[in-house]
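Novice: Below are the structure tokens for one structure; questions will follow.
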Amino acid sequence: METELFIGGKWVPASSGSRFDVLDPATGDVIASVADGSEVDAISAVEAAAAAGPAWAATAPRVRSEVLRKAFELMTERASELAKLISLENGKALVDAKGEVTYAAEFFRWFAEEAVRGEGVLATAPSGANRILVVRQPVGVCVLVTPWNFPAAMATRKIGPALAAGCTVILKPASDTPLTALAMAAILAEAGAPEGVVNVLPSRSSGKVVSAMLRDQRVRKLSFTGSTEVGRTLLAQAADTVVNTSMELGGNAPFVVFADADLDAALEGAMIAKMRNGGEACTAANRFYVESPLADEFARRLAQRMSGLVVGPGTDEKTQVGPLVNEDTVAKVDGLVRAALDSGAEAVTGGSRPEGPGYYYPPTVLTGVAADAPILREEIFGPVAPIVTFNGEEEAVRLANDTEYGLVAYVYTADLSRGLRVSEAIDAGMVGLNRGLVSDPAAPFGGVKQSGIGREGGHEGLLEYLESKYIALNW
Ligand code: NAP
């Protein structure tokens with residue numbers, strides 16, 4: 001497969017000639033070496049995107065739509081090889097990787113459909129003196145920065161709406177998972193995206209490369225998915241050139257189970273909300289709050305389900321939980337669990353890092369976790385479920401909101417009016433009510449508080465790449 005930079009429709013080596021290694025998280029072995037883009041390459045990519053911009057913006061929406069539709073079809077045809085690639089560089093189990101490919105391809109299909117629904121506004125001014133015409137125009141050149149945990153879906157969730165809107169893009173993928181991004185570039189080129197419309201720039205110098213692009217006045221949009229920490233830095237940088245930003249940042253999802261909940265459904269939802277992608281998801285349930293009467297049984301049965309999962313290399317068909325992506329991630333998970341155990345928590349299952357190669361961590365359930373434990377404050381990003389008990393609706397909402405994050409929350413109850421009341425009271429951009437999965441290309445995905453700004457997917461996702469221009473007119 002291609003391992004060079006993709007700039008202006010061509011595969012090119014890094015201007016410095018340097019390359020970096022991509023590792024297999026199951027073994028730590030090198031699986032590929034990829035061109036290492038520099039600031040010089042970043043500016044070449046901006047040039048290519050800026051040059052392609054006017055023609056792409058003027059391309060008929062139907063034609064832009066068909067490029068995305070074709071990309072959806074190619075991804076679907078090649079789902080199995082793409083899933084293997086994702087699993088190989090990210091470590092996730094094939095079953096999760098296949099799910100990701102389907103989810104990722106759906107963003108191309110959804111935005112192929114949205115591309116031809118370009119609406120504006122025509123209104124009469126309240127004074128009656130004139131008409132108000134509002135047209136939507138593409139923002140312009142977009143820099144897209146994506147994380148390693150969903151290397152395909154986080155890219156298509158940005159590229160889909162950007163191309164539908166008539167923008168051109170430079171995708172800077174996470175350096176742990178550049179291969180999937182390069183495969184996306186090849187698919188989009190084959191689908192008919194003209195030269196320069198999509199550029200992909202793997203780099204080990206992400207900070208420098210992204211800063212260089214943000215300083216370039218031709219760049220008009222930054223869409224970032226990643227940690228809140230890096231998001232803050234990029235928001236500050238984007239302020240210098242007043243670049244339009246969308247931020248999909250970290251999460252710390254509460255999973256609230258009321259005593260009247262259907263326990264089987266809550267356990268099923270918990271397994272999905274916690275274990276999809278091995279826990280390496282911004283939407284992963286991070287804190288389980290279970291009402292006292294159900295808490296012991298919930299913990300026992302969750303531990304039973306978690307301990308039955310097959311852990312192994314992601315590329316093995318039998319595997320249900322692959323290794324974590326890298327050493328830093330597994331060390332962080334291990335540190336959070338140790339700190340919780342040191343302050344009195346009990347591991348009902350799992351709880352210690354195994355010896356041997358690869359970045360494995362066992363599915364773990366903790367009870368008796370102290371309210372101030374770091375594991376309840378920080379994103380775990382691994383297969384660990386800390387359980388805390390509560391009593392009553394008021395306490396549930398207070399605990400759920402006791403975080404700087406606000407991406408998603410999960411609520412299980414048989415009382416629909418309580419479910420809706422609590423859903424409205426929790427500070428989060430999304431709520432799964434009696435459901436452990438919220439992600440859907442047709443729905444607006446995003447967070448409040450320090451989980452981000454803006455929405456991806458749904459109708460809102462397209463608007464992030466459009467500017468509203470108002471024309472006052474008389475006739
Ligand atoms: P990260 O460290 O913030 O990295 C995200 C991306 O930013 C990567 O491409 C990274 O490149 C790049 N980057 C790192 N430092 C940078 C800098 N100073 N300037 C510009 N770019 C920089 O996050 P991650 O560890 O890859 O991903 C996990 C995080 O993503 C979690 O916090 C998770 O919650 C969040 N996430 C959020 C959503 C959402 O929709 N809200 C979805 C998925 C993930 P390198 O790889 O080269 O460092």
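The values are calculated or read from the model by the stated rules, or taken from the named source; none is laboratory data. Only a predicted model underlies this, so the values are computations on that prediction, with no experimental measurement involved. As a convention, Cβ positions derive from the backbone with ideal geometry for all residues, glycine included, and neighbour counts pool all protein chains shown.
Novice: Which one of these does ARG300 not meet: (1) in contact with a helix residue (DSSP H, G or I) (Cβ under 7 Å, 6 or more places away or on another chain); (2) over 30 Å from GLU456 (Cβ atoms); (3) in contact (Cβ under 8 Å) with a residue 40 or more places away in the chain; (4) surrounded by fewer than 24 Cβ atoms within 10 Å (Cβ to Cβ)?
Specialist: (1)
Novice: Among (1) over 15 Å from GLY251 (Cα atoms); (2) of a type in the set (Gly, Ala, Ser); (3) within 16 Å of the ligand (Cβ to nearest atom), where does SER417 come up short?
Specialist: Condition not satisfied by SER417: (3).
Novice: Is there a residue in the range 375-391 that is free of Cβ contacts under 8 Å to residues at least 60 places away in the same chain and small (Gly, Ala, Ser)?
Specialist: No, there is no match, as no residue in the range 375-391 is free of Cβ contacts under 8 Å to residues at least 60 places away in the same chain and small (Gly, Ala, Ser).
Novice: May I ask you to list the residues in the range 378-394 that are part of a loop (DSSP other than H, G, I, E, B) and either of a type in the set (S, T, N, Q) or in contact with a His (Cβ under 7 Å, 6 or more places away or on another chain) (or both)? If you could, list the steps in order and put the result at the bottom.
Specialist: Applying the first criterion (part of a loop (DSSP other than H, G, I, E, B)) to the range 378-394 yields 378-383, 391-392.
The answer is ASN391, and nothing else.
Novice: Given the conditions (1) in contact with a Gly (Cβ under 7 Å, 6 or more places away or on another chain); (2) at pLDDT 95 or above, and given that PRO386 satisfies all but one, which numbered condition is not satisfied?
Specialist: For PRO386, the failing item is (1).
Novice: Another one. Can you pull out the residues in the range 28-49 that are assigned to a loop (DSSP other than H, G, I, E, B) and over 25 Å from the mean Cα position of the chain (by Cα)?
Specialist: ASP29 - this is the single residue of the range 28-49 that is assigned to a loop (DSSP other than H, G, I, E, B) and over 25 Å from the mean Cα position of the chain (by Cα).
Novice: Given (1) β-branched (Val, Ile, Thr); (2) out of contact with any strand residue (DSSP E or B) (no Cβ under 7 Å at 6 or more places or on another chain); (3) away from the ligand (no atom under 16 Å from the Cβ), identify the lone condition not met by VAL256.
Specialist: It fails just one condition, (2).
Novice: Next up: For a quick check of your reading of the model, give me the residue pairs whose first member lies in the range 411-423 and is closer than 17 Å to VAL290 by Cα, whose second is part of a helix (DSSP H, G or I) and polar (S, T, N, Q), with beta-carbon atoms closer than 9 Å and at least 6 apart or on different chains.
Specialist: From residues that are closer than 17 Å to VAL290 by Cα, the pairs are VAL411/SER423.
Yes or no, residue by residue, for (1) of a type in the set (D, E, K, R); (2) under 21 Å from GLU280 (Cβ atoms):
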residue	(1), (2)
MET154	no, yes
LEU163	no, no
VAL169	no, no
VAL200	no, no
ALA212	no, no
GLU229	yes, yes
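Novice: Restricting the search to the range 251-275, which residues are outside any helix (DSSP H, G or I) and closer than 19 Å to LYS92 by Cβ?
Specialist: Listed by number, the residues that qualify are GLY251, ALA253.
Novice: Could you go through the range 369-378 and let me know if any residue there is in contact with an Asp or Glu (Cβ under 8 Å, 6 or more places away or on another chain), more than 16 Å from the ligand (Cβ to nearest atom) and of a type outside the set (Ser, Thr, Tyr).
Specialist: There is no residue in the range 369-378 that is in contact with an Asp or Glu (Cβ under 8 Å, 6 or more places away or on another chain), more than 16 Å from the ligand (Cβ to nearest atom) and of a type outside the set (Ser, Thr, Tyr).
Novice: Here's a follow-up. Looking at the range 276-296, which of its residues are on the phi < 0 side of the Ramachandran plot, within 16 Å of the ligand (Cβ to nearest atom) and part of a helix (DSSP H, G or I)?
Specialist: If the condition is that a residue be on the phi < 0 side of the Ramachandran plot, within 16 Å of the ligand (Cβ to nearest atom) and part of a helix (DSSP H, G or I), then ARG276 is the only one that fits.
Novice: Can you pull out every residue in the range 212-244 that is under 11 Å from VAL143 (Cα atoms), near the ligand (Cβ under 10 Å from one of its atoms) and either without any contact (Cβ under 8 Å) to a residue 60 or more places away in the chain or under 19 Å from the mean Cα position of the chain (by Cα) (or both)?
Specialist: If the condition is that a residue be under 11 Å from VAL143 (Cα atoms), near the ligand (Cβ under 10 Å from one of its atoms) and either without any contact (Cβ under 8 Å) to a residue 60 or more places away in the chain or under 19 Å from the mean Cα position of the chain (by Cα) (or both), then LEU222, PHE224 are the ones that fit.
Novice: Scanning for something more than 20 Å from LYS10 (Cβ to Cβ) and either small (Gly, Ala, Ser) or near the ligand (Cβ under 10 Å from one of its atoms) (or both), does the range 186-201 turn up at least one residue?
Specialist: Within the range 186-201, none of the residues are more than 20 Å from LYS10 (Cβ to Cβ) and either small (Gly, Ala, Ser) or near the ligand (Cβ under 10 Å from one of its atoms) (or both).
Novice: So, one more: Can you confirm whether the range 347-366 contains a residue that is touching a residue at least 60 places away in the same chain (Cβ under 8 Å), under 20 Å from LEU267 (Cβ atoms), more than 16 Å from the ligand (Cβ to nearest atom) and surrounded by 20 or more Cβ atoms within 10 Å (Cβ to Cβ)?
Specialist: yes
Novice: Those residues that are part of a strand (DSSP E or B) and of a type in the set (Gly, Ala, Ser), I need them from the range 87-141; list them, please.
Specialist: Within the range 87-141, just ALA123 meets the criteria.
Novice: Shifting gears a bit: Which members of the range 443-475 meet the condition of being more than 16 Å from the ligand (Cβ to nearest atom) and surrounded by fewer than 16 Cβ atoms within 10 Å (Cβ to Cβ)?
Specialist: Scanning the range 443-475 gives HIS459, GLU467, SER468, LYS469, TYR470, ILE471, ALA472, LEU473, ASN474, TRP475.
Novice: Identify, from the list LEU234, LEU249, the residue that is closer than 26 Å to LEU23 by Cβ and surrounded by 24 or more Cβ atoms within 10 Å (Cβ to Cβ).
Specialist: Testing whether each residue is closer than 26 Å to LEU23 by Cβ and surrounded by 24 or more Cβ atoms within 10 Å (Cβ to Cβ) leaves just LEU249.
Novice: Taking the stated definitions as given, is THR168 crowded, with 24+ Cβ neighbours inside 10 Å, polar (S, T, N, Q), near the ligand (Cβ under 10 Å from one of its atoms) and under 24 Å from ILE7 (Cα atoms)?
Specialist: Taking the combined requirement at face value, the residue does not satisfy it.
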